[in-house]
1. Can you return the lysines within cross-link range of residue A:879? Criterion is Cα-Cα under 20 Å, with same-chain partners fewer than 8 residues away left out.
2. Taking a spot 7 Å from the Cα of residue A:1065 along the direction of its beta carbon, which residues of region A:998-1031 have an amide N less than 14 Å from it?
3. Taking R0 as 25 Å, what's the FRET efficiency between residue A:996 and residue A:513 from their Cβ-Cβ distance, rounded to 0.05?
4. Just how large is the dipole of the protein assembly as shown about the Cα centre, in debye to the nearest 20, putting +1 at every Lys and Arg Cβ and -1 at every Asp and Glu Cβ?
5. Just to check I understand the Karplus step: with θ = phi - 60° and J = 6.51 cos²θ - 1.76 cosθ + 1.60, what whole-Hz values come out for region A:515-529, glycine and proline as x?
6. Listed here are the pairs A:111/A:537; A:56/A:209; A:346/A:429; which of them are more than 18 Å apart at the Cα?
7. Quote the convex hull volume per residue of the protein assembly as shown, based on C-alpha atoms, as a whole number of Å³.
8. Gaussian network model of chain B, Cα springs within a sub-10 Å range: biggest mean-square fluctuation belongs to which of B:79, B:134, B:25?
Amino acid sequence: MTLRTLILRSLRFHLRAHLGVLLGATLGSAILIGALLVGDSVRGSLRDMALARLGKVEAAMATGDRLFRAELATNLKAAPVLALPGTANSADGARRANRVNVLGVDDSFWKLAEKAPPFATVPPNSVVLNQALADQLAAKPGDEVLLRVSKVSALSQDVALTTRDGQTVALRLRVHAVVGAEELGRFSLQANQVAPFNAFVSLGLLQNKVGATDRANLTALHYSDMEVHLQLWGPNPSSLELINSSLRGKWNPNDAQLDLRALTNSPALELRTDRIFLDPPAVRAALAVDTNAQPILTYLATLLRAGTNATAYPMVTAAGAPLVPADLRDDEVVINQWLADQLQLKPGGELELSYFLPDSGARLTEATNRFRVRSIVPMQMPWADRTLMPDFPGIASAERIGDWDAGFPLTHRKLVDDPYWKQWRGTPKAFVSLSAGRKMWGNRFGDTTAIRFPVAADVRRLTSPAGANASDPERRSPTRREPSGTTNNAGSESGAPQSETPRVTSYRNELEKALLAQLKPADFGLVFQPVREQALKASREGQDFGGLFIGFSFFLIVAACVLVALLFQFGVEQRAKEVGTLLALGFTPKQVRRLLLGEGAGLAVLGAALGAVGAVWYARAMLHGLSTVWRDAVGTSDLRFHAEPATLAGGFVGAVLVAVFSLWLALRKQVKQPARVLLAGGGEEVISNQFSAISGEGDARLGLRRQAERDAALASRGAEPTPTAPPEPKAPSPLRSAGAVQDGRMNLVGAACSVVAFALLGWAVATGQTANAGAFFGAGALLLIAALAFTSALLTRLERSESAAALTVSGLGIRNITRRRSRSLATATMLACGSFLVLSIGVFRLDENANATQRSSGTGGFALLGESTLPVVQDLNTKAGREALGLDAKSLDGVSVVPFRVRDGDDASCLNLNRAQKPRLLGVKPDMLVERQAFQFATQPDGLVKGFNGWTGLERHFHTLPLGDEIPAIADQNSILWAMGKKVGDIIEYPEPDERGRPVRLRLVGAVANSILQGNLIIAEDEFTARFPSEAGYRYFLVDAPTNRVADVSATLTRALRDFGLELTPATRRMAQLNAVQNTYLGTFQILGGLGLLLGSAGLGVVVLRNVLERRGELALLLALGFRAKALRWLVLSEHAALLLLGLLSGVVAAGVAVLPSVLGAGELPIGALALTLGGVLVSGLVWTWLATVSALRGQLLDALRNQ
Amino acid sequence: MSAPAPLLRLANVTKRYPGAAGGDLPVLRGLTLEVAHGETVAIVGPSGCGKSTLLNLIGTLDLPDSGELILDGQRLDTLDELALAATRNRQIGFIFQTHHLLPQCTVLENVLVPTLASGDTASRAQALDRAKQLLTRVGLSERMNYRPGQLSGGERQRCAVVRALINQPKLLLADEPTGALDRATADSLASLLLDLNREQSTALIVVTHAPELAKRMGRVLELRDGQLVSCDGK
């Protein structure tokens, strides 16, 4: 015989009695483990989705608008992809999809799919759609669809000189197939559970159509496919390091769109780029490898004017010697003979130079500088060099100036110099110093259009380290010659072609090698990212639905625990004599408790084991809910059931612990009863004022305590405590005195809470804060406390009631509530708190329409939110910009737009279940938000110059402390907290460097309260363009529009910007989408909470059963006294129905106050669902009470009397 | 030569309970009692006179308001709960009016239950032998693996007696041990108690309403007005 044997014996013997406990433990465990399995399932589904969108892809390199050779990808055993944004239409134009990823792929791409699609490659003139896009377009194989794809522009759309027409190309293609997730249909590098729209076309076709022959901007690979030479890279490098090392070994400057070519008109090499402006890292590297390298910046002037003479659209070159004198000042200019003749200029004359600010994009902001003519150079080399002009798209190949297809109108048409263009093409007419040129035309893309390397006799100079003067290109020339009208050092006629000599070829080879050694692919955004690792991390760290559903199921779990505790306590009470015997035999209370707890633990283990099975069903039910009625919270129906062994084990242990803890709480009081009370069949709380000969220590102590209370009560009235003194005829009984004290105390608490609650309400109403959910919830909670305090006082008062004359059966029943006052109060409290929380949680439902037009609201006061597929470079706030887009000025009267630049990244809003690894970046001019005072700040930027706050926090110069390389950023509070897991003041390190290879570190300086900006990180536009110069134009818009014309404005803009794939959404709708997540969560909580209350009402049945069984003798006496059984049932029912009503009423009244803001704000309060919940609880409570009453009063009640 | 120290000594023991009118109702008023080793004592008295209260005090199930309670030279009224439980387990055996056997355990297991409280695993093997011996002694050798529900009333009470003796207590307390038994069975149980008292040298205090049982004890005391009064002049 051991303790374990005894526990097992007891378990087996009392199994039937324990069935209820087992059921409760099973239920609680099923809910707890089930909630954790929901977490597993969401996490697992996200992981599945992440793996599905990547297939076998483990690393990828995406370079945006920078095109590298597709051959580079092939050499790395990676799949080359040309990924471009586009829109898609069904053939009849009836259905449309914006933000479509048009992916040019070859057969190597499909080899990365987990499951090979039923085709080897996409045939030309065909398209393969993913399921999401096929559904959106209602397209099936054989149908035609129209794709509009953005062309790849060598020159950013933000450069004034870039051509803006024909930036998209339309492709009419036949649907070849529709691919599912396993066939890489969801391919995307962004972590989001919402499937993207993907259209796969032939790589060759797309390259040809968009003018990117043999180019790609994305490549993806599976590590085992890559070709690496392990021995080269040291011990144990990671696969990612290997692939990036391999990239460094296989790339060439062409992959950074750099072109090193021999000049045909002089013995020199030139480094240039079809992006026009050389990237600063390329310039640095070029100057470092050759001390004789000459940087050149050639730009278009709109006008050169001297007095009344002027000429339009000449090129002007900024350079050092020998093109200009080494000591040429920044306000001096060297002009060629043609221009001197044309403008009748002489040395010393003044020249006005007008030009478009390069960064001004479509705005075409013009500036003018004045120069003094230093000298005039002849139309000979090196000045008469047409190769000095970069290959401006739309300009370089035109035969006449009038044929230019540039991004600006030829407003000075009469001043164009076609003869010059015909003879000299882009030969610059004027030369300024490099520094003067850079001041005028330097921009975020670069400040150099070419670097020239004179071919030297000794190529060894290339290997020398960069000299001290390397950074000062003005002083780099080894030969400084004063240009003069008589000097002609060209050696050949301008423009006359020269063939590349062996010396040049040899020099070129060495230079290329030296350049490659200096350049790093990462400087140009060429770097592989561990996308699979990042995706798995995003899914792993995503929204914890396990915790969320434990929260939602809290009431259910608590109700199950309460049920377990009640039933177990009930069972133990039935075994009071057994407990008493053990105590009498010398067991300590602790030992007995351990024995019973051991028994309970056995039940808990069994319950948890059964619950683990039930958990699967619970989790499946919740997943079904999330995929259907609660879909707003997750945005996908692709959630699949997953169960991790560790979760099951952890949940099992947790469930056992929770159940055992509940049982421990239930047992504490039970085993504290003295043995003799238990042996006497007791366990009943001794509060009777009748003397009992067998009442003992506990009773005596209770008596003494009450004596003390009585003394205290007497003392409070100034009377001496006289325990032996005979009672005054009219003095209250000790019990009544103690009760009166308690009654008074509770009334005081109730009154105080009521006063504070009403004061809070009054303040909220008086100050117009009727939408202040916190104040109303607080007032409601205080009223709940007050209601419970009054209930307690009422019970005390009823206990002291002596109105024998007014006694009725119902009255007697209600009086009986006081018999177990603490139990009655606990029951009422549980029901009140449950109903209060379930009802009042609705106050936190978010209403997107609340104050939507106010700047401080979540919409920022904006009417519309727009997102375009292609960047819009025109200024939608100016007449010129609107005209360029064909917008009628009148239709946009009163409309203003805040445009944002966009760096695509992960959606960091609550709509994305993944943890955003690289949140989407928006760049905005802070002034535009400052002047509107848009949005409310939950946390104001800290450490700003006095007097500044809000959006000025985005501007570096308003910060009092140096930020270093950190970029100040502001985001929505919810995004910061939940999607990024950060707080204001934290730094977000982007996993990818910026376009210059610098790490991106964003300091969160402020947080905006619940807003439509969720999902993004916002930085100042200048910071944005400095880091991501290639991100042209704007793709995110907040639109102010007159409230009565929102729909018209939306229609007008959508129509005009159709080719940009603009989608406008009312700001309130966007807010509603975001709010839907929280509101759905609240709804889920209310539903599960309601179920918990229902279960709790079953607990009331157990309480009834206990109460009645304890009082069978008393009830039998009533029967003996002539009461009918029906009357007894009514007695018991009325007693517990009163408790039920009291609890529910307290909760409902308090919750009614708490939800006032929702009611006043015309928010959608689910009154029907809540009424149904409460009605269900009431009915369920009454049914359980009735069943328990009937069950307890069944049988020979009079036997109980005899047993007494 | 001084008289041997009594096994049990109660000196000026008082016990009160709160009364209905607010005052205290004294149950035991300066009660004094001495019981020698191996002595048998019957305590009689009308219902509600405090017999069970007295037995509860002796059995350490309750504590006196004042006075001394000494068992085998050790004051019990000053011990903490743990020590009292140990005393109950090792030095005192209880027999109740109803047997209070654990229905889930066999007869043998029920007898062994008190040995579980001590945590002394070494003595459990000896206890098993002793339990079998005692059960054989009281005629339950054939019933060792029966459940209480399969026994007659007399058998259950005999089983309870063996359980009370399993830890070789010095004092056996019996509260109306024959109260639920028929006359023949009651006589048989009384004989058994007295036989075991002799065999085990265990002092026996019996609270009873039954004069037949009381008469068979060495001393009969009546509890009257909170004091013990000898009924037989012993």
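Values in this text are rule-based calculations from the coordinates and carry no lab data. Model, not experiment: these values are computed from the prediction. Don't worry about glycine lacking a Cβ; one is built from the backbone with ideal geometry, like all the others, and counts go over all protein chains shown.
1. Within the straight-line limit of under 20 Å, residue A:879 reaches these lysines: A:890, A:925.
2. In region A:998-1031, the label zone of residue A:1065 (backbone N under 14 Å from the point 7 Å along Cα→Cβ) covers A:1011-1016.
3. Values: r = 23 Å, r/R0 = 0.93.
E between residue A:996 and residue A:513, to the nearest 0.05, is 0.60.
4. Numbers: 149 positive and 132 negative charges, 689 e Å.
Rounded to the nearest 20 debye, it is 3300 debye.
5. 5, 4, 5, 7, 7, 10, x, 4, 5, 10, x, 8, 8, 7, 10
6. Numbers: A:111/A:537 24 Å; A:56/A:209 29 Å; A:346/A:429 14 Å.
Pairs exceeding 18 Å: A:111/A:537; A:56/A:209.
7. Values: hull volume 379.3 nm³, N = 1438.
Measuring per residue, one finds 264 Å³ for the Cα hull of the protein assembly as shown.
8. Among B:79, B:134, B:25, the largest GNM mean-square fluctuation belongs to B:25.
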